[in-house]
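The values are calculated or read from the model by the stated rules, or taken from the named source; none is laboratory data. Model, not experiment: these values are computed from the prediction. Heads up, the Cβs are rebuilt from the backbone with ideal geometry, glycines too, and the neighbour counts pull from every protein chain shown. Heads up: the accessible areas ignore ligands, DNA and RNA and are worked out on the full protein's heavy atoms, side chains in. Shrake-Rupley method; radii C 1.70, N 1.55, O 1.52, S 1.80 Å.
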Amino acid sequence: MRLLKSVILVAIACLFVAFAARGASAQDKALPPLDHFNLDQLDRSVDPCTNFYQYTCKKWIAANPIPPDEAFWGPDGKLQLWNESVLREVLETASQNDSSRSPVMQKIGDYYASCMDDAGRNAKGIGAIQPELDRINAMQTKAEIAGELARLHQITFSLSGASDSGYRLALFGFSSSQDLDDATKVVAALDQGGLGLPDRDYYFKDDAKSAETRLQYTTYAEKLFGLMGEDAATAGAHAKVVMAMETALAKSSMDIVKRRDPANLDHKLTTQELNALTPSFSWDAYFKPLNPPATVHYLVATPDFFKGVNQLINDESLENWKTYLRWNLVNTSSPQLSDRFVEENFDFYGRKLYGQKELEPLWKRCVRGVDRDLGEALGQAYVERAFGPDAKARMLKLVNELTDSMAEDIQNLDWMSPDTKKQALVKLHGIEDKIGYPNHWRDYSSIAIVRGDHTGNAYRAGAFEFHRQLEKIGKPVDRGEWGMTPPTVNAYYDPQLNTINFPAGILQPPYFEKTMDDAVNLGEIGAVIGHEMTHGFDDEGRKFDATGNLRDWWTAQDGKEFEKRAQCIDDEYSGFEPVPGVKLNGKLTLGENTADNGGTRIAYMAFEKTLTPEQKAAKTGGLTPEQRFFIAYGQSWCGEWTPELIRMLAQTNPHSPNEFRVNGVVSNMPEFQQAFGCKKGQAMVRENACHVW
Ligand SMILES: [Zn+2]
């Protein structure tokens with residue numbers, strides 16, 4: 001689903017980088033420790049006005065090095081490890097082959113047991129996908145490409161989500177989507193895809209690092225073709241074919257920054273127009289085995305990309321197409337196959353692209369597999385263990401406080417006209433909040449989970465999800481659906497539903513601490529709530545109205561005033577250089593940075609309102625409540641990424657590295673400078689402070 005939203009049209013805007021934070025190996029069954037708000041963690045030798053991130057996080061980082069099976073580490077990683085350890089206990093019990101298990105426990109237990117059986121997977125080797133490879137090899141004409149793609153899209157639909165960008169679904173993406181201009185309608189949606197590297201630019205950038213990555217990718221492809229039984233010369237030639245075909249697709253792909261403007265993705269095509277776009281590709285042959293419901297039109301995000309697909313079908317031989325399809329199948333499936341495939345896949349994506357030293361232990365990979373494929377079945381057990389009605393009630397109270405503050409913020413803006421303010425308030429009050437878990441759990445009863453058939457289970461779960469998405473076409477929108485599973489340590493705003501969503505997995509320390517006061521909770525989860533709300537009004541979110549339609553509700557002058565203030569944020573973050581030679585892309589990260597700045601300010605406004613005069617005068621550990629608010633915010637963002645990961649995310653991910661999520665925000669805030677007595681000229685006092693929301 002998260003993949004779906006990033007491949008098909010508009011991305012949901014979330015809090016963390018969009019792939020799993022990875023946890024350290026649990027040596028025993030005891031649950032690992034969680035971080036809490038902790039004043040002992042401050043490095044009081046650092047002046048908070050010089051570097052607030054170092055003041056709040058230097059000691060944490062020194063005490064918490066990135067574990068070898070991680071590419072980044074922070075309190076979110078520790079919480080994810082805690083959540084996954086809870087899930088591991090559930091799955092170990094469920095995987096006992098016991099006839100008294102409920103149907104839900106049977107599904108998740110047998111899936112987990114099959115995944116954990118690495119001896120079984122090693123014994124099968126490439127045999128696990130041989131029937132799929134045989135189908136591809138048996139193709140006689142290029143006309144069969146369409147039908148084979150339909151097959152591949154079904155079985156690898158969920159597995160492709162292992163990638164961070166979603167570009168890995170073979171050739172292109174197909175699913176359902178809310179229509180951009182009428183959010184009540186669900187239509188068939190087509191989007192670009194087909195790449196194994198994280199983004200189109202990886203195929204062309206001419207710096208030494210990019211050339212090295214391309215060489216490593218080609219070597220990786222060569223190794224996988226070798227593991228499929230090809231001799232070295234053939235494997236080498238096939239790896240070059242893959243690289244050439246993906247480079248052609250990358251050339252036709254729309255740039256990641258251009259995709260931030262939903263108007264660039266809004267192309268409605270009739271069946272005739274779709275056929276005319278790709279005369280060499282038969283949509284009839286593709287749709288026939290999938291049998292999707294009738295659609296009022298096709299929403300084709302990137303028509304130029306499909307022209308490129310058509311050209312590629314004409315240009316490349318049948319043999320090359322077979323190579324491309326085999327590659328997509330095996331690359332996507334590798335993490336589920338025998339250890340040799342798993343290790344090669346990790347060596348390229350984990351070690352080389354992410355800078356992770358070691359592969360995660362098997363139990364953790366298997367917990368994540370169940371979360372990906374049967375997430376709402378596993379999520380029920382998590383909610384029972386870790387989430388209660390008291391947490392939900394306190395969250396609702398916080399959300400209401402933040403909504404009031406944001407309303408006040410909008411009303412007091414000196415740059416927005418009364419007309420636009422009125423519309424902004426309608427949108428704000430139209431935001432629906434979802435807390436913890438869905439009201440109705442997804443029914444997985446139609447997926448056959450067979451003990452001992454791990455790859456088959458993953459393929460059948462993928463096909464289930466693919467068809468579940470297609471079945472939505474032509475039906476009313478299901479507003480109750482969630483885009484993240486309950487144990488996920490993340491949160492998101494959905495611009496087409498106008499909802500903010502907080503899975504139970506993030507409503508834990510150090511983001512949400514039941515035993516702590518408002519100063520701490522508003523600095524932690526309050527800033528997260530504010531972040532998600534602000535997404536409704538960032539450079540992308542502001543283009544949608546209260547009902548989720550792509551509609552310009554701004555006066556031209558107000559739009560200009562917004563752009564001017566957003567440009568300040570763009571310029572600020574474009575100046576940050578997280579590793580030498582790698583600068584942040586201010587346009588790519590604009591929405592997240594706007595949400596960080598607006599969210600923290602709104603949370604602070606809500607916090608000030610909760611303070612009684614007695615509380616305001618009281619100090620804890622020598623610190624005022626205002627200081628504790630900012631320390632709570634800073635501590636929730638302590639953490640480190642490997643240099644390799646920073647390099648990759650700086651090119652592909654809309655989130656800024658943690659240090660800038662803290663210093664980039666507080667240096668814009670007079671409230672912070674007042675709380676810590678910072679003076680003009682100090683680093684945490686920006687001369688041209690930015691203020692959008
Ligand atoms: Zn976000």
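Key figures
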{"quantity": "Spatially proximal aspartates and glutamates relative to Lys679 (Cα-Cα < 16 Å; intrachain offsets below 8 disregarded)", "calculated": "Asp47, Glu671, Glu687"}
{"quantity": "Where region 247-291 is the region considered: accessible area per residue in Å², 1.4 Å probe", "calculated": "49 Å²"}
{"quantity": "Positive minus negative residues near Met139 (Lys, Arg vs Asp, Glu; Cβ under 14 Å)", "calculated": "-1"}
{"quantity": "Nearest-ten-degree value, helix 556-574 long axis tilted from longest Cα axis of the chain", "calculated": "80 degrees"}
{"quantity": "Total formal charge among the other residues, if their Cβ is under 11 angstrom from that of Lys427, Lys/Arg +1 and Asp/Glu -1", "calculated": "+3"}
{"quantity": "Solitary cysteines of the chain, where the nearest other Cys Cβ is not under 4.7 Å", "calculated": "Cys14"}
{"quantity": "Gly436 long-range amide H proximity, modeled H, under 5 Å", "calculated": "Phe502, Ala504"}
{"quantity": "Integer Hz, Karplus 6.51/-1.76/1.60 couplings in order for region 672-677, x for Gly and Pro", "calculated": "5, 4, 5, 4, 10, x"}
{"quantity": "By accessible area with a 1.4 Å probe, ligands and nucleic acids excluded, highest first: order of His297, His429, His467", "calculated": "His429, His467, His297"}
{"quantity": "Per-residue HN-Hα couplings for region 108-116 [Karplus 6.51, -1.76, 1.60; θ = phi - 60°; Hz; x = Gly/Pro]", "calculated": "6, x, 5, 4, 5, 4, 5, 5, 6"}
{"quantity": "Accessible carbon and sulfur surface of region 205-258 relative to its total accessible area, %, 1.4 Å", "calculated": "59 percent"}
{"quantity": "Among beta bridges that DSSP assigns inside the chain, antiparallel share in %, nearest 5", "calculated": "70 percent"}
{"quantity": "Total formal charge among the other residues, if their Cβ is under 15 angstrom from that of Ala119, Lys/Arg +1 and Asp/Glu -1", "calculated": "0"}
{"quantity": "In Hz, Karplus ³J(HN,Hα) per residue of region 31-39 (6.51, -1.76, 1.60; θ = phi - 60°; x = Gly, Pro)", "calculated": "5, x, x, 9, 6, 9, 4, 8, 6"}
{"quantity": "Additional length obtainable on full extension of the chain from Asp47 to Gln272, 0.36 nm per residue less Cα span", "calculated": "74.4 nm"}
{"quantity": "Accessible area per residue, Å², region 52-208 with all protein chains present, probe 1.4 Å", "calculated": "33 Å²"}
{"quantity": "Degrees, to the nearest 10: 643-652 long Cα axis against longest axis of the chain", "calculated": "80 degrees"}
{"quantity": "Pairwise label distance in nanometres, Thr234 with Phe204, each label 7 Å out on the Cα-Cβ vector", "calculated": "3.5 nm"}
{"quantity": "Fraction of accessible area attributable to carbon and sulfur, region 543-693 (%, probe 1.4 Å)", "calculated": "51 percent"}
{"quantity": "Fraction of accessible area attributable to carbon and sulfur, region 375-493 (%, probe 1.4 Å)", "calculated": "52 percent"}
{"quantity": "Region 157-289 - Rg and Dmax from Cα coordinates, angstrom", "calculated": "17.4, 54"}
{"quantity": "Surface accessible to a 1.4 Å probe, per residue, for the residues of region 649-693, Å²", "calculated": "39 Å²"}
{"quantity": "Within the chain, helix-based [θ] at 222 nm, where runs of 4 or more DSSP H residues each add -39,500 (n - 2.57), nearest 500", "calculated": "-15500 deg cm²/dmol"}
{"quantity": "Angle between the chain longest axis and helix 232-252 axis [Cα atoms, degrees, rounded to 10]", "calculated": "50 degrees"}
{"quantity": "Mean-position separation - Cα centroids, region 610-672 and region 504-558, in angstrom", "calculated": "16 Å"}
